[in-house]
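Everything below concerns the one structure shown next.
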Amino acid sequence: MATLTLRREDGRIVCERVVVADRAHRRMRGLLGRRYLRQGEGMVLRPGWSIHTAFMHFPIDAVFLDADQVVMKIEHEVRPWRTVSCRGAREVVELAAGECRRRGLEVGDRVAWASRSAADARQDRRERRGSEIEDTDSEPRARVLVASRDPRFVRLARFLLDGRDLEVHETTPEQLTQGILDDSLDLAVLDGADRIAEALRTANAARTARPDVPIVIAADTGGRTPAGMRVFDRWNETEELLLDIERLLAESSTSETPAPGRLA
């Protein structure tokens, strides 16, 4: 899942690490199963206007945002087994109890979302490794499926994507169309090697199966196809490949069409 930073319009940070729950099963799960929520951590349910805290183990602050990212309502320290809602809200941000007062967030404040940098993600991992409390509930920013026949490229992709706090799953190009049906996936990387035409056919078939999952193509030779699709040189354009992956994940995390609220 993607992770964003929530800031006020004036730049002051409201929450450093907000996990985006933008699919039905993620919204349904919400924070269930977690033992606690640290200061600086949160989750945004999008779209959403109503949540419940059944089966949760700790209280939370719930912030309801409208379509213009203005705070419509704040429910402070919502205890387990409660339901809170706000008609007209488009997103619900769940924060650690007391965070809204601690950060001075109030109804009427306008906020904005910002993508988190790789340096931020690496710092988070260093902090988690150095913590004396084991955190078994940390979530990756997103889940990426790498489809390749070449173990060298798989190792390279895993190294690069792990450095961006992305969870990597592996498959072959032949299995991509089936593997991309996994609802937990956020993006796919297809290694075309020296078979670009075959990779384009595979990508088109996978997009037909899951049009909501972006597919990035790498191959032995980079460039653009006659249809204008970008293909990255899998050995010499790794930075460009990563930047495109970050762009697509950021776009997908903010492009969900609003709909009636879901339970947390």
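Annotations
- A Förster distance of 30 Å, applied to the separation of the beta-carbon atoms of Arg230 and Arg152, puts the FRET efficiency at 0.85.
- Element breakdown for the range 34-103 at a 1.4 angstrom probe: carbon and sulfur atoms account for 47% of the accessible area.
- Here the 3J(HN,Hα) profile of the range 101-106, calculated from phi with Karplus coefficients 6.51, -1.76 and 1.60 at θ = phi - 60°, is 5, 5, 8, x, 6, 9 Hz, Gly and Pro shown as x.
- Ranked by the mean number of other Cβ atoms within 10 Å of their residues, highest first, the peptides 56-69, 188-201 fall in the order 56-69, 188-201.
- Förster radius 22 Å - calculated FRET efficiency between Asn204 and Thr172 (Cβ-Cβ, nearest 0.05): 0.80
- For Val189, residues with placed amide H under 5 Å, excluding near neighbours: Leu145, Val146, Ala147, Val216
- Residues of the range 88-105 with amide N under 15 Å of a point placed 7 Å along Cα→Cβ from Arg12: 99-105
- Surface accessible to a 1.4 Å probe, per residue, for the residues of the range 1-95, Å²: 41 Å²
- The listed peptides 38-44, 227-233, 156-162, ordered by packing as a protection proxy, come out as 38-44, 156-162, 227-233 (highest mean of other Cβ atoms within 10 Å first).
- Each part gets one Cα centre, and for the range 10-81 versus the range 213-246 those centres are 35 Å apart.
- With R₀ fixed at 41 Å, the C-beta to C-beta distance from Asp66 to Asp194 puts the FRET efficiency at about 0.20.
- Per-residue 3J(HN,Hα) values for the range 67-81, derived from phi via the Karplus relation 6.51 cos²θ - 1.76 cosθ + 1.60 with θ = phi - 60°, read 5, 9, 6, 9, 5, 8, 7, 10, 9, 8, 6, 6, 7, x, 6 Hz in sequence order (x marks Gly and Pro).
- Shape annotation for the range 44-93: C-alpha extents along the principal axes are 32, 17, 16 Å, from largest to smallest.
- Rolling a 1.4 angstrom probe over the protein heavy atoms with all chains in place gives the range 137-247 an accessible area of 47 Å² per residue.
- Scalar couplings 3J(HN,Hα) for the range 208-220, obtained by applying the Karplus form with A = 6.51, B = -1.76, C = 1.60 to θ = phi - 60°, are 5, 6, 9, x, 7, 9, x, 10, 10, 10, 10, 7, 5 Hz; x denotes Gly and Pro.
- Amide H within-cut-off set for Asp109, under 5 Å, with H built and near neighbours excluded: Val71
The values are calculated or read from the model by the stated rules, or taken from the named source; none is laboratory data. Every value quoted in this text rests on a predicted model; they were computed, and no experiment measured them. Note: ideal-geometry Cβ built from the backbone for every residue, glycine included; neighbour counts use all protein chains shown. Only protein heavy atoms, including side chains, enter the accessible area calculation; ligands, DNA and RNA are left aside. Shrake-Rupley method; radii C 1.70, N 1.55, O 1.52, S 1.80 Å.
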